[in-house]
Amino acid sequence: MIEVPDLTALQFTLADDFLSLTFAVFLGAFIFFVLSAREIAPRYRSAIWISAVIVAVAGYHYFRIFESWNSAYELVDGVVQSTGQPFNEAYRYMDWLVTVPLLVAELVIVLGLPRERRRSVLVRLVPAAALMILLGYPGELTAEILPKAIWGTLSTIPFVYILWVLFSELGSSINDQPESVRATVKNLRWILLATWGVYPLAYMIPFITDAGAAFAGKQVAYAIADITAKAGYGLLIHKVAKWKTESLTDPTADDDRAPARVA
Ligand SMILES: *C/C=C(C)/C=C/C=C(C)/C=C/C1=C(C)CCCC1(C)C
């Protein structure tokens, strides 16, 4: 829970609109993933269910963040005033604790990694993700630059490790992918880096601007990052899963060792 800085009406409204938009996008994405899961072969289908769970969990949290935002401020005659209620930034971090491991799981499923490799990736990345988020949180709460920088740097260590593992896993699985998805799987690496890279940048906004602009700007930046990293990424995973489904000889087989026809 944090004391909130003063905001201009524009800052308040912009963040308010983005929180609301993000909730709406996640709602739409949830419906899409649920309805489109049956187009996907059973062996990749759980990746689509995971996408649905991710946007449902994140949508719920955005609803709570939106409510918290609106109870921390009120608009009186066009002037934004803080109500004295704190803003609960923990919803965001609780959300990441759940959704980041699920995003990793979704990826290893759609890549069709052998069971053992899948396990080894998850065993390394799930604790690293938790560490990254837990180390970032104290830095998010403080307005002071030095502790913010220290926690941010500590959190960046597991972050770099995660990206490194994902990059090398994606890289080494490219040749096992059907021709039709190879280019997309290659691009997935850069998309992952580009979307996940927004989070540390958003975290650093308070280093470059005043408290009000930073506070509202961070909400907007995290909202955009969440839309791309969860809904946008889920759509891409869906596309890969669909193409891979089309390249299977027997898409109905529920066995990840069944031979895939390499197109
Ligand atoms: C759906 C939510 C996702 C993909 C969240 C990802 C969050 C991060 C990659 C956060 C990283 C951070 C750092 C690397 C340093 C500063 C603190 C964090 C937690 C913002």
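The values are calculated or read from the model by the stated rules, or taken from the named source; none is laboratory data. Every value quoted in this text rests on a predicted model; they were computed, and no experiment measured them. Glycine also receives a Cβ, built like all others from the backbone with ideal geometry; neighbour counts cover every protein chain displayed. Heads up: the accessible areas ignore ligands, DNA and RNA and are worked out on the full protein's heavy atoms, side chains in. Shrake-Rupley method; radii C 1.70, N 1.55, O 1.52, S 1.80 Å.
The set of residues in the range 122-153 that are more than 11 Å from the ligand (Cβ to nearest atom) and touching a residue at least 60 places away in the same chain (Cβ under 8 Å) comprises LEU141, ALA143, ILE145. Residue check, ALA47 against (1) under 13 Å from ASP226 (Cβ atoms); (2) touching a residue at least 24 places away in the same chain (Cβ under 8 Å), all met but one. Which one? Only one criterion in (1) under 13 Å from ASP226 (Cβ atoms); (2) touching a residue at least 24 places away in the same chain (Cβ under 8 Å) is unmet by ALA47, namely (1).
Those helices (runs of 4 or more DSSP H) of the range 1-119 in which at least 2 residues are open to solvent by less than 10 Å² (accessible area, probe 1.4 Å) and at pLDDT below 95, considering only elements entirely within it, cover 90-111. If you go through the range 1-44 and keep only what is under 26 Å from ASP77 (Cβ atoms) and aromatic (Phe, Trp, Tyr), you end up with PHE12, PHE18. The set of residues from the range 136-153 being open to solvent by 40 Å² or more (accessible area, probe 1.4 Å), in a helix (DSSP H, G or I) and closer than 24 Å to ASN88 by Cβ comprises TYR137, PRO138, LEU141, ILE145, PRO147, ILE150, TRP151. Here is a check on your reading of the model: is ALA231 modelled with pLDDT of 95 or more, within 30 Å of PRO147 (Cβ to Cβ) and among the small types (Gly, Ala, Ser)? Criteria not met by ALA231. Just name the residue that is most open to solvent (accessible area, probe 1.4 Å) out of those in the range 197-219 that are within 10 Å of the ligand (Cβ to nearest atom) and within 17 Å of THR153 (Cβ to Cβ). The residue in question is LEU201. Selection over the range 85-98 of residues that are within 10 Å of the ligand (Cβ to nearest atom) and under 23 Å from PHE215 (Cα atoms) gives a count of 5.
Considered as a group, the residues in the range 176-190 that are in contact (Cβ under 8 Å) with a residue 12 or more places away in the chain and within 16 Å of the ligand (Cβ to nearest atom) include one that is nearest to LEU131 (Cα to Cα), and that residue is ARG189.
Checked against the criterion of being away from the ligand (no atom under 16 Å from the Cβ) and either within 30 Å of LEU113 (Cβ to Cβ) or touching a residue at least 12 places away in the same chain (Cβ under 8 Å) (or both), the candidates VAL76, VAL4, VAL25, VAL55 yield just one match: VAL4. If you go through the range 154-175 and pick out every residue that is surrounded by 15 or more Cβ atoms within 10 Å (Cβ to Cβ), within 13 Å of the ligand (Cβ to nearest atom) and closer than 13 Å to LEU125 by Cα, you end up with 6. The number of residues in the range 73-132 that are within 20 Å of SER46 (Cβ to Cβ) and touching a Ser or Thr at 6+ places or on another chain (Cβ under 7 Å) comes to 4.
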